[in-house]
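One structure is given here, and the rest of the page talks about it.
The values are calculated or read from the model by the stated rules, or taken from the named source; none is laboratory data. Since we're looking at a predicted model, the values are computed, not measured. Cβ placement follows ideal geometry from the backbone for every residue including glycine, while neighbour counts extend to all protein chains displayed. Side chains are part of the model used for accessible areas, which takes the heavy atoms of the whole protein and leaves out ligands, DNA and RNA. Shrake-Rupley method; radii C 1.70, N 1.55, O 1.52, S 1.80 Å.
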Amino acid sequence: MTETFTETPDAMLARAVASHQRGELAEAESLYRTLLAADPRQPDALHYLGLLGFQTGHLAPAEELLAQAAAAAPGDPVVLNNWGIVLARLGRLAEARARFEAAISRGPGYADAIVNLANVLADAGEPEAAEARYREALAIAPGSVEARNNLGRLLLSRKRLAEAVASFEEALRARPGHASAMNNLGNALREQGRLEEACRCYREAARMRPDDPEPASNLLVAMTTDPALSPDDVFAAHREFAARFEAGVPAAAFPPRATGRLRVGYVSADLRAHAVSAFAIALLEHHDRARFEVTVYHNAAVEDEFTRRARASADRFVVVAGLSDDELARRVRADAIDVLVDLSGHTAGNRLLAFARRAAPVQATWLGYLGSTGLAAMDFRVTDDRMDPPGRTERWHTETLVRLPASPWCYRPWPGSPEVSALPATGRGHVTFVSSANPAKLNGAVFAAWSRLLARVPGSRLLVHAPDDAAFRQRVLAGLGDTGDPAGRVDFFPRLPVGEYLRRLAGADIGLDSFPCAGATTTLDALWMGLPVVSLAGEAPWSRPGASLLGTLDLAQCLAGTPEAYVERAAALASDLPALATLRQSLRPRLQASPLMDEAAFARGMEDALLRMARLKGIVAGGQAA
């Protein structure tokens, strides 16, 4: 005889929750579903099963379950809060905001919901309101690590670096093992120019959370700016990243390609007011729709006018910010993408782990990162023969290099750019050098070269893009100390609206690039405003965008191969003001007439490269060398 035991719904729910808390997710899911089979409106089972779906990256089903839980338990602030979290991850910010506000109204003093509302406000471009909400949450719960960490992120985004560092440090004092706060502290320290400390934070964050690629990617980006590291050192670290995050990924099989247009997908978090969008949208708008079907995978919840233009230029526009790496890879496969193009590399918002899962039969990286991803699954990197001279940089790549006929950049100036002015030095009687580089790219080697340049050009001044951070600016002045009176010859400007930024550039005479990690957009902006830019072209591709851009414009007098030659080139330009004035007036027309602004030709070159990659991987007929 078989003995039958019965279990009450409350007991089964308690057992399911205990399994859930122990990480026994399959057991918990089975129990939740058993409860729901008996009572489809059981609010706790709906709620917890929705949370389980969120934890495992199944956001759409999780959102449906949480909506049902909210209907079954009207006004429950915890359910509303968790529903809002999932909606936010899905990019449905207005709906998420409404849920968080409802949770707060029904549970006054609910600090977690206030923090989540602040997160949505920050993502929606309301930083003042977000900051007020973070501080409200901290007044209620001074020990809230999430409030401290997210407030720090907001302060960092607004370049209030000292405050951001303090906020992250407070979060870590409250919870020393908080990996996100440690990673974010690294970001803030890096922007303060404290590279060594930043790298220690990234390594510690990666140790705390070894399955999180973000601190590991941040470390790689930081390493490209370190003049003490060789390209071999940096590439070895990229291969270590791949060894960690590609390990155990099963091989993917793809059915034979259907005939018709080549299906190309672009993955980016930066199709918004960001440097990447200026280049990428020009390509999207000029793609030959008779030959290419274009899908954009937008890894961000926020859209602006640039995003809307990208959306209008694509056959499909898919918001993927809420998808896990597995889900993104599955979505790309379902869309039957032939060539998937990464626009981020290791920069913020990248989806490299979806590429590691072999989302498409052909995978390439272009634009956002000047070097190898390190991934074996990344087949190609788009470049040119100036940034990556044949035979010189292949050893620092897992990818095959596909070189465009001109440059991998095609510049679209910001709307409403000021006209090129007369040479300021003519009226002032002294030359002004300017660095508009990302301050995180500045280092002691750069400061030493600038110090020698200021000493070499008497009376000259230096204008430096730098955060409004006393510690960072003092570090710059200390690095320039050998000039005699650095404080009297150096001025700073913070991040500015684009029009003001371009006018600030126009007030200088000669641009100075950073090294070893050089600039691309900043160089093009300066050239557009009539400033020649002196760039040091090193061995690695991340040190050679100047070689590509200036070489395309036949500005060999601006290119140097050593720090000493960098100083000599800049000093030579400063020594002949009439020639400098003539050069200034010629640069915008030269840029306009060059391949760097021929959007249609650039698009044809990129399309030829995409087809070449597809042939090399055997998914279309024919084959040719890269």
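General observations
- Of all residues making up the range 315-327, the number that are free of Cβ contacts under 8 Å to residues at least 60 places away in the same chain, of a type outside the set (Val, Ile, Thr) and either in contact with a His (Cβ under 8 Å, 6 or more places away or on another chain) or open to solvent by less than 20 Å² (accessible area, probe 1.4 Å) (or both): 1
- Within the range 179-189, at least one residue is surrounded by fewer than 24 Cβ atoms within 10 Å (Cβ to Cβ) and closer than 24 Å to PRO142 by Cα.
- Out of ALA269, ALA273, ALA360, ALA282, sole residue that is buried (at least 23 other Cβ atoms within 10 Å of the Cβ) and under 20 Å from the mean Cα position of the chain (by Cα): ALA269
- For the range 47-81, filtered to residues that are outside any loop (DSSP other than H, G, I, E, B) and among the β-branched types (Val, Ile, Thr), the residue that is most open to solvent (accessible area, probe 1.4 Å) is VAL78.
- First in the range 542-558 and outside any helix (DSSP H, G or I), second anywhere and of a type in the set (Lys, Arg) and modelled with pLDDT of 95 or more, Cβ under 9 Å, 6 or more apart: ARG544/ARG386; LEU553/ARG590; ASP554/ARG590; LEU555/ARG590
- Residue match in the range 402-412 (condition: part of a loop (DSSP other than H, G, I, E, B), on the phi > 0 side of the Ramachandran plot and either touching a residue at least 12 places away in the same chain (Cβ under 8 Å) or not charged (D, E, K, R) (or both)): no
- Out of LEU49, LEU25, sole residue that is under 23 Å from SER324 (Cα atoms), under 34 Å from the mean Cα position of the chain (by Cα) and free of Cβ contacts under 8 Å to residues at least 24 places away in the same chain: LEU49
- Single residue of the range 95-110 satisfying the filter (of a type outside the set (A, V, I, L, M, F, W, C) and in contact with a Leu (Cβ under 9 Å, 6 or more places away or on another chain)) that is surrounded by the most Cβ atoms within 10 Å (Cβ to Cβ): ARG99
- Filter result (under 27 Å from ASP212 (Cβ atoms), open to solvent by less than 80 Å² (accessible area, probe 1.4 Å) and in contact with a Ser or Thr (Cβ under 9 Å, 6 or more places away or on another chain)) within the range 232-266: VAL234, PHE235, HIS238, PHE241, ALA242, GLY265, TYR266
- Taking the range 82-182 as the region of interest, the helices (runs of 4 or more DSSP H) fully inside it that hold 2 or more residues being within 25 Å of ALA466 (Cβ to Cβ) and within 20 Å of the chain's Cα centre (by Cα) are 145-157, 161-174.
- Test: PRO390 is of a type outside the set (Gly, Ala, Ser), open to solvent by 10 Å² or more (accessible area, probe 1.4 Å) and in contact with a strand residue (DSSP E or B) (Cβ under 8 Å, 6 or more places away or on another chain): yes
- Just one of the listed residues (GLY623, GLY530) is over 19 Å from PRO389 (Cα atoms), modelled with pLDDT under 95 and out of contact with any strand residue (DSSP E or B) (no Cβ under 6 Å at 6 or more places or on another chain), namely GLY623.
- Count of the range 224-271 residues which are among the hydroxyl-bearing types (Ser, Thr, Tyr) and within 30 Å of GLY444 (Cα to Cα): 3
- Residue check: VAL420 meets all listed conditions (1) part of a loop (DSSP other than H, G, I, E, B); (2) at pLDDT 95 or above; (3) within 26 Å of the chain's Cα centre (by Cα) but one, namely (3).
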